[in-house]
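Shown next, in structure tokens, is the structure this report addresses.
Every number in this text was worked out from the coordinates using simple rules, so none of it is lab data. Keep in mind it's a predicted model, so treat the numbers as computed, not measured. Glycine gets a Cβ as well: all are built from the backbone with ideal geometry, and neighbour counts include every protein chain shown.
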Amino acid sequence: MIAKRRQTNEVVVGHVAIGGNNDISIQSMTNIPTKNVEGNVRQICELFECGCEIVRLAVTDLEGVKFFAEIRKILRAKDIPIPMVADVHFSPAIALNCLEVADKVRINAGNFSDKLMGPQSFSDDEFLVGKNKLQKSLGKFFRRAKDLKKSVRIGINHGSLAPRMVYKFGHTDVAMWESAKECLEMAWEVKFENIILSFKASDAKKMIAANRLACFKLDEMGKHYPIHLGVTESGSGDYARIKSAIGIGSLLVDGIGDTLRVSLTEDPGREIEVAKNILQGCGARRYGMEFIACPSCGRTSYDIQSVLGELKMQLGKLTGAKNLKIAVMGCMVNGPGEAEDADFAIIGSPNGTLSIYQNRNCIVKNVSWEETCKILTKVCQLKLDGA
Ligand code: SF4
């Protein structure tokens, strides 16, 4: 059974709504210091151009808040409405100030007020001291966010859990959930609900487990906060893409996830194309034509790679092409079955000719590749025109 998308509240971030029935949004983050105002503006414009819907910037000191505001002002003057998120670690004061200038503030539950370095074992009293300290600063932060109607992402990272949480619950998904729950209880005390949660790890399996556990617990409590997905520090190249696809994709298939970021050690713009492919691959959003193509084998009697490339180019020119789903199959083994799931399928015959199928019906039999391309373009256009 295909999982339905988990029911979540809608949380507004600038002009983008996360959760509810809204599209799963794509985020990215600039990778230069915020004081480089010009560079950040340039990166954000590029990200916006390639489809990034929410952008995050690191704010590492109080001066950074001013740079953040300046970048925002320049972007708005350029008519770039992209929601801007301030990413804050280690400082409740910076987080509080960021609420004034950002659409959303991302905090890290593990280091908001707890120290990552220092004692690694805690008596019950010492645990409570850490919790009370967090409650004081977080309570103030949530109250201000509520007054300003801003949203907050409570980020739980496997690699930066508060030591007192690790001591009590181990380096586990349970510790990640308990860390989130502790923050949520503090938000509930001041009736702050504009919350998005994330449970990230560089290990895809741990990230998947933490999100599944958290969503199970949240649903049990009747709480429906949107979830931000991501595999942290996934690296670069194919491996990073595959790891992100496993982590993010598995959860999307479970129906979990309302917004996502693919973290790559590459130009930020590269994250967007990967995010789009993950979303489309999971059937969560549609960005382009969908092709089903067999890998070919000894039964293939035509140059399937060239045909696939040519079809992508030819059909891609049609208006509304992104709505098409085309199957390109080497032979009859899986051809008719896959054709059923596509708008059209082309299937090779042993004599090197091709046939076009719609549903399970052959509509054109044994023609040359040139003829196939011509006819397929025509029938696809008719389909897109609603004829
Ligand atoms: S569909 Fe036919 S040609 Fe393609 S891989 Fe399967 S058996 Fe081989």
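Some points to look at:
- Across the stretch 290-384, Cα pairs under 8 Å and at least six residues apart give a relative contact order of 25 percent.
- Residue 60/residue 312 FRET efficiency (R0 41 Å; Cβ-Cβ; nearest 0.05): 0.40
- Helix 124-147 axis, angle to the chain major axis (alpha carbon atoms, nearest 10°): 70
- Distance between the stretch 166-207 and the stretch 314-387 - C-alpha centres, whole angstrom: 49
- Among 171-182, 281-292, the peptide with the highest mean count of other Cβ atoms within 10 Å heads the list, and the full ranking is 171-182, 281-292.
- Partners for residue 35 among lysines (Cα-Cα distance below 18 Å; same-chain residues under 8 apart left out): 66, 73
- Over 18 Å between alpha carbons, listed pairs 168/243; 115/168; 276/317; 136/191: 168/243; 276/317
- Additional length obtainable on full extension of the chain from residue 132 to residue 171, 0.36 nm per residue less Cα span: 11.9 nm
- From most to least packed by mean Cβ count within 10 Å, the peptides 243-252, 319-328 give 243-252, 319-328.
- In this structure, the amide hydrogen of residue 229, modeled 1.01 Å from its nitrogen in the peptide plane, lies closer than 5 angstrom to those of 258, 259, 260, 261, counting only residues at least 5 positions away or on a different chain.
- Taken over the chain, the percentage of Cα pairs per 10 Å bin, counting from 0 up to the bin with the maximum distance, is 5, 21, 27, 21, 13, 9, 4, 1, 0.
- Here the chain carries DSSP beta bridges of which approximately 20% are antiparallel, counting only pairs with both residues inside.
- Helix-derived mean residue ellipticity, 222 nm - over the chain, DSSP H n ≥ 4, -39500 (n - 2.57), to 500: -14000 deg cm²/dmol
- To the nearest ten degrees, helix 62-77 and the longest principal axis of the Cα atoms of the chain are 40 degrees apart.
- Angle in degrees between helix 237-254 and the longest Cα principal axis of the chain, rounded to the nearest 10: 80
- Computed on the chain, with alpha-carbon pairs under 8 angstrom and 6+ residues apart, the relative contact order is 13 percent.
- Within a straight-line Cα-Cα reach of under 13 Å, residue 149 can be paired with the following aspartates and glutamates, leaving aside sequence neighbours fewer than 8 residues apart in one chain: 100, 103, 193.
- Reported to the nearest whole Å, the Cα centre-to-centre distance from the stretch 88-116 to the stretch 6-62 is 16.
- Couplings 3J(HN,Hα) of the stretch 329-336, computed from phi: 10, x, 8, 6, 3, 10, x, x Hz, in residue order, whole Hz [Karplus 6.51 cos²θ - 1.76 cosθ + 1.60, θ = phi - 60°; x for Gly and Pro].
- For a modelled paramagnetic label at residue 1, 7 Å from Cα along Cα-to-Cβ, the residues of the stretch 206-241 in reach, with backbone nitrogen under 20 Å, are 212-213, 215-222.
- Placing a label point 7 Å from the Cα of residue 35 along the Cα-to-Cβ direction, the residues of the stretch 58-87 whose backbone N falls under 16 Å from that point are 58-71.
- At R0 = 25 Å, FRET efficiency that the Cβ-Cβ distance of residue 76 and residue 191 yields, to 0.05: 0.25
- Ranked by how many other Cβ atoms sit within 10 Å of their own Cβ, fewest first, the residues 369, 188 fall in the order 188, 369.
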